[in-house]
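Values quoted throughout were computed directly from the atomic coordinates according to the rules given, and no laboratory measurement underlies them. Worth saying up front: this structure is predicted, and the values here are computed from it rather than measured. Ideal geometry is used to build each Cβ from the backbone, glycine not excepted, and the neighbour counts take in all protein chains shown.
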Amino acid sequence: MLAAGFWFCGTAWSIDLPIQQIQQVQQDPLPPGKATIALAKLQDITNRASELAVQALSMLGINYRYGGTSPETGLDCSGLVRYVFKEALGTDLPRTSAEISRVGEKVDKVDLRPGDLVFYNTLRRGFSHVGIYLGDSKFIHSPSAGGQVRIEDMDVAYWKKRFNGARRISTTAEDQQ
């Protein structure tokens, strides 16, 4: 039985096609199908996440400044997010974390992907803080007065207790529909 299985597998790959058919397949690739479209979307997601992560990581060490909108003078949490999205993707976001929390689509914590936004209740009001998810339960943010842009672990008790939700910001008209 085992030998028959090996024989079947071996012969399944040795189908003889006329040389003209082989040349035709090489010259006329298949039209884009669902797999091709899925791979293109995956590549777009990967590129988007990479661009966001690289831009965000370049902000490490920038001083926190309440209301800050530029790396030169300092950034608050929403200023960091706005700056990174604008520089990496050309996307304009609202000014405050609460306003940003209403943009894009809601994402469950278990479905987070790099580049998603994570929101926290740090001032006894919902969505008062925002950061950018990097993967592996890590996010980058501009914390508070006296702090600098840094990476945090979402699984630390402080952040776990204050988690408000997550959003995925679409960057194309197709994603908005």
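Sorted by average packing, counted as other Cβ atoms within 10 angstrom per residue and highest first, what order do 63-70, 101-108 take? Mind dumping the intermediate values first?
Working: 63-70: 15.4, 101-108: 13.9.
Going from most to least packed, we get 63-70, 101-108.
Estimate the FRET efficiency between residue 151 and residue 36 by the formula 1/(1 + (r/R0)^6), using the beta-carbon distance for r and 35 Å for R0, to the nearest 0.05. Write out the running numbers ahead of the final one.
Details: r = 35 Å, r/R0 = 1.01.
E between residue 151 and residue 36, to the nearest 0.05, is 0.50.
Once the mean 1/r over all distinct Cα pairs of the stretch 87-177 is inverted, what Kirkwood radius in angstroms do you read off? Present the calculation step by step, with values, prior to reporting the outcome.
Numbers: mean 1/r = 0.0737 Å⁻¹.
Evaluated on the stretch 87-177, it is 13.6 Å.
Per the Kirkwood formula on distinct C-alpha pairs, the Rh of the stretch 128-173 is how many angstrom? List each step's numbers first, then the result.
Values: mean 1/r = 0.0845 Å⁻¹.
In the stretch 128-173 this quantity evaluates to 11.8 Å.
For the stretch 41-106, just say rounded, prolate or oblate: build the C-alpha gyration tensor, square-root its eigenvalues into a ≥ b ≥ c, call rounded for a/c under 1.5, and beyond that prolate if a/b exceeds b/c, oblate if not.
Values: a/c = 2.60, a/b = 1.34, b/c = 1.94.
Verdict is oblate for the stretch 41-106.
Using label points projected 7 Å from each Cα along Cα→Cβ, tell me how many nm separate residue 162 and residue 109, to one decimal.
My value for the distance between the label points is 1.5 nm.
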